[in-house]
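Working notes, beginning with the structure itself.
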Amino acid sequence: MTNRIHIQNELNTVAPALVHAPVLMPYTLPTHYFSHLGEWTEAFLNMDKPGVLPNLPDGLQLPYAVPNNYFNDLSAWTSEVPHIETAHEKDLNLPVKMEVYTVPSGYFENLADDIISQIHQQENSVPNGYFEALPDFLLQKVRSMEVQEELETLAPILNNIDKKPVQSLPEGYFENTKPNIPAPAVIPAKVVSLPRRKSWMKYAVAASLVGIAGLTTFKVFDKSNTENPFPKTTFEQPVTANVDVTKELKKLDAASIKNYLRNNETSSEKLAADPNAEIKDIQYALQNFTDEELKKHLEEDIAY
Amino acid sequence: MHLDDHTLLQQFHDPVNKERGYTAIVKKYQEKLYWHIRRMVVQHEDANDVLQNVFIKVWKGLENFREDSQLYTWLYRIATNESLSYLDKQKRKASVSLSDDENGMENKVRADQNFDANKLEWKLQLAIQRLPEKQRLVFNLRYYDEMPYEQMSRVLETSEGALKASYHHAAKKVEEFILANA
């Protein structure tokens, strides 16, 4: 009673409408169901044939009925799937439905064996690279056994220790490390230095030549001067032009000198004009001449 | 699956595939060499430095490697020499004596974040660090790398007999330490 009051109080807070709902079950039971349940159960357990009940005690009836021969016919019924013709199909008078797809003969009979055979094939397949790796694997196994046998006599305790590394290692160390490929060594290029020419000498030589040429022309074409510009000489007497070069140079204008120099450019002058010219010359020389040839060229150049 | 050494070397010697061949060699041997070095120098940072030096030497030396010996043996020789050089340098920097150095190495073992003095594997590490350098090398190569004496003699350029004796002494010492500290 106390329990019932507790339950009702609980319902009152949770679902008050249920407090006043009828407690009675709406389902019906056969008469004397519980009182005869034990006897009915025993009768079913003692069945000799399925579906055929032994004689029940007087006054005892089954609480439910089963059609005659229900259990005998059950297996036959379940093997067929009766087609239930719809009303529409009845009207159309359609022929009995047939499967449109064909199946190879013996397909279903052999299916299970085929599947099992495939499973065995997969289990027996050899992993990739198995045979290539096998010799090394076996060799390592043999070596491992040798070491273990050796330790059995020397220090057996060491055979019982796990050889897995215990030291800490940064996560992903081996996956993330990239091989450090050193940069190619820079071999300094062989420098073949050309002899430096004293640039001022060229200008002096050029100027002298211009002067001498100018003076000679003047002397030749100057009719006022009757002196023989080409005095007779002997080997004992060196020829010296009776010329003041400085004085004659001063007579020449800058444009004439420039013009002369432009037409008679040397490599050093070219370099002044184009800084890369010498480099191009050197590169060409290095690519196309042997060391011996370059050395000979330098020696000739110096002599010149 | 790694290619065999001969194929990797052929790749390396082909100018088009040189870097690929080198990378494949590094990938194939990096772990083995790393642990070989680590067991000598103990700390990861030091092992990393030595390993980098080793592979730089490998890059430079592979050009002239003629497969008279196995690639594996050659790599191990470089790694061993670099590890010993590194340890010598450390000793000279710290100006420590041999016995002090062994204590120093033990301390490095204890400094590892995974160190557990109660575990047998760590007691083994401590025992190994108490061995003299050369004995430590021999022990590691035989016990961990399971290297045959014949191959070890080519790596360490020492006779097989001397190596066997060295290993036997080392194994006994290590066992004694573990049993004494059980």
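Spin-label point model (7 Å from Cα, Cβ direction): what's the B:Ala117 to B:Lys172 distance in nm?
Those two pseudo-labels are separated by 2.9 nm.
Determine the distance separating the Cα centre of the range B:12-51 from the Cα centre of the range B:56-90; give it in Å without decimals.
First find each Cα centre; the distance between them is then 10 Å.
Once you place label points 7 Å from the Cα toward the Cβ at A:Ala213 and A:Leu74, how far apart are they in nm?
13.5
Suppose a student asked you for the relative contact order of the range B:96-182, using Cα pairs under 8 Å spaced at least 6 residues apart; what percent would you report?
Values: 57 pairs, mean separation 24.8, N = 87.
Relative contact order comes out at 28 percent.
Based solely on its DSSP helices, what 222 nm [θ] is calculated for chain B when runs of n ≥ 4 H residues each add -39,500 (n - 2.57) and the sum is averaged over all residues, nearest 500 deg cm²/dmol?
Numbers: 9 runs with 138 residues, N = 182.
Rounded to the nearest 500, it is -25000 deg cm²/dmol.
In whole Hz, with x marking every Gly and Pro, tabulate ³J(HN,Hα) for the range B:80-89 from phi via Karplus 6.51 cos²θ - 1.76 cosθ + 1.60, θ = phi - 60°.
Values per residue, Gly and Pro as x: 5, 5, 5, 5, 5, 4, 4, 5, 4, 4 Hz.
Pairs of alpha-carbon atoms within less than 8 angstrom and 6+ residues apart define the contacts here; what relative contact order does chain B have, in percent?
Working: 135 pairs, mean separation 32.3, N = 182.
Relative contact order here is 18 percent.
With point charges of +1 on the Cβ of Lys and Arg and -1 on the Cβ of Asp and Glu, referenced to the Cα centre of the range B:1-95, which listed residue (B:Leu3, B:Asn17, B:Ser95) lies farthest in the positive direction of the dipole?
Most positive-ward Cα: B:Ser95.
Bear in mind these aren't lab numbers, they're just calculated from the coordinates by the rules spelled out. All values derive from a computational prediction rather than experimental measurement. We place every Cβ from the backbone using ideal geometry, glycine too, and count neighbours over all the protein chains shown.
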